[in-house]
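Participant: Below you'll find the structure I mean.
Please treat every number below as a calculation from the coordinates, not as lab data. This is a predicted model, so every value here is computed, not measured. Virtual Cβ from ideal backbone geometry, glycine too; neighbours counted across all protein chains shown.
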Ligand SMILES: NC(=O)c1ccc[n+]([C@@H]2O[C@H](COP(=O)([O-])OP(=O)(O)OC[C@H]3O[C@@H](n4cnc5c(N)ncnc54)[C@H](O)[C@@H]3O)[C@@H](O)[C@H]2O)c1
């Protein structure tokens, strides 16, 4: 039986680990070849280690083990020229582009907005908002050129639909992603290119499952662990969960990328265990 993305090519940012890797693997399982980029080095204001070249190589191996082709590049999504060079080279190798997943993102800071440093703010907006715009700007000419239409998925957050304290710069960037999504959807609709955003709740990746976040969730404890964080996480949701897995987001992204969603565009899709109900 043909896969849901058979013969298609997907360009994914932040693909070395976490949700980006899950998207690459899930799409490859459904027949897509993958152009996978990741910064693979540190951004100073980010407290947790970002991905490294070995992580990106592991994603590539996982795709190859599914008998799909993969093109990788170490690229910072803040660098438009480098992004364009990478996606151009990937499309040169694979011959087409059908799907863009603008997934790369960071968490930094942890202050109220009035105490957020300019450095934290600037890095956040540069990666989590401008980087998303640059990703689509670099990739979409190839989808347009193909003349077959396509699907673009922008990774926002529940924090793109409602506010959380102590992370206002993140919330501002993720709300901005919704504005990008809606504008791209309007501008690209006539070419049969659909644009949607996904809004994950807490996801079990290094961006969430780390010590600074555990301390933010449980300032009352000296050494909080995952189980301590889960108690607070459960209060955020309608379903009895503290977080979801990267594969839960990948299934939603795959749906939006596939022809099953052929008339869905301009939608903000929460994958949030009912967090937005609260
Ligand atoms: N984990 C969560 O709880 C959660 C919740 C909602 C939304 N999100 C969003 O999901 C997306 C994926 O995050 P994740 O949970 O997989 O975290 P993660 O830290 O595991 O993965 C993020 C990846 O993006 C890469 N990256 C960061 N900055 C980059 C840049 N400038 N250029 C290229 N690559 C860069 C990192 O190296 C890393 O591999 C992010 O946009 C994040 O904001 C995460």
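Participant: Would you mind checking the tilt of helix 18-29 against the longest principal axis of the Cα atoms of the chain, expressed as 0 to 90 degrees and rounded to 10?
Facilitator: Tilt relative to the chain: about 30 degrees.
Participant: Considering Cα pairs under 8 angstrom that are at least six residues apart, work out the relative contact order of the chain and quote it in whole percent.
Facilitator: Details: 582 pairs, mean separation 51.1, N = 278.
Over the chain, the number comes to 18 percent.
Participant: If you take every DSSP beta bridge fully contained in the stretch 1-96, what fraction is antiparallel? Give it as a percent rounded to 5. Provide the component values of the computation, followed by the final result.
Facilitator: Working: 0 of 10 bridges.
Percent antiparallel among DSSP bridges in the stretch 1-96 is about 0.
Participant: Which value results when the Cα radius of gyration for the stretch 73-171 is divided by 2.2 N^0.38 Å? Spell out each step's value before the answer.
Facilitator: Working: Rg = 15.7 Å, N = 99, 2.2 N^0.38 = 12.6 Å.
Cα-based Rg divided by the globular estimate yields 1.25.
Participant: Could you state the number of Å between the C-alpha centres of the stretch 90-107 and the stretch 207-278?
Facilitator: 24
Participant: Students often check this: by mean Cβ neighbours within 10 Å, which of 175-187, 29-41 ranks highest, and how do the rest follow? Walk me through the numbers on the way to the answer.
Facilitator: Values: 175-187: 18.2, 29-41: 23.5.
Ranking, from highest mean packing down: 29-41, 175-187.
Participant: Using the basic label-point model (7 angstrom from Cα toward the beta carbon), what is the residue 210 to residue 78 distance in nanometres?
Facilitator: So the two model labels end up 1.5 nm from each other.
Participant: Still on this model: Using Cα pairs closer than 8 Å and at least 6 residues apart in sequence, work out the relative contact order for the stretch 127-215, in percent.
Facilitator: Working: 99 pairs, mean separation 30.4, N = 89.
That works out to 34 percent.
Participant: Once both axes come from the Cα atoms, what is the angle between helix 131-146 and the longest principal axis of the chain, in degrees from 0 to 90, rounded to 10?
Facilitator: 20
Participant: Follow-up. Set the Förster radius R0 to 25 Å, insert the Cβ-Cβ distance between residue 41 and residue 231 as r into 1/(1 + (r/R0)^6), and round the FRET efficiency to 0.05.
Facilitator: On the way: r = 35 Å, r/R0 = 1.40.
Approximately 0.10, to the nearest 0.05.
Participant: Dividing the alpha-carbon radius of gyration of the stretch 157-258 by 2.2 N^0.38 Å (N being the number of residues), what value is obtained? Numbers along the way, then the final one.
Facilitator: Numbers: Rg = 16.1 Å, N = 102, 2.2 N^0.38 = 12.8 Å.
Against the empirical 2.2 N^0.38 Å value, I get 1.26 for the stretch 157-258.
Participant: Which semi-axes, in whole Å and largest first, does the equivalent ellipsoid of the stretch 106-224 have when worked out from the alpha carbon gyration tensor as the square roots of 5 times its eigenvalues? Don't skip to the answer; put the middle values down first.
Facilitator: Details: eigenvalues 211, 40, 27 Å².
Values for the stretch 106-224, descending: 32, 14, 12 Å.
Participant: So what is the 222 nm mean residue ellipticity for the chain from helices alone, if each DSSP H run of at least 4 adds -39500 (n - 2.57) and you divide by all residues, rounding to the nearest 500 deg cm²/dmol? List each step's numbers first, then the result.
Facilitator: On the way: 9 runs with 114 residues, N = 278.
Calculated mean residue ellipticity at 222 nm is -13000 deg cm²/dmol.
Participant: Using 0.36 nm per residue, how much length does the chain from residue 221 to residue 192 gain when fully extended, once their Cα-Cα distance is taken away? Can you show the working numbers first?
Facilitator: Numbers: separation 29, 0.36 × 29 = 10.44 nm, distance 5.16 nm.
Working it through step by step, the gained length comes to 5.3 nm.
Participant: How long are the semi-axes of the equivalent ellipsoid of the chain, taking √(5λ) for every eigenvalue λ of the Cα gyration tensor, in whole Å from largest down? Could you put the intermediate results ahead of the total?
Facilitator: Details: eigenvalues 174, 74, 70 Å².
Semi-axes from the Cα gyration tensor: 30, 19, 19 Å.
Participant: Name the residues of the stretch 4-20 whose amide N is less than 11 Å from a point 7 angstrom out from the Cα of residue 148 along the C-beta direction?
Facilitator: 5-10
Participant: Compute the angle between helix 80-94 and the longest alpha-carbon principal axis of the chain, please, reported from 0 to 90 degrees and rounded to the nearest 10.
Facilitator: Result, in degrees: 50.
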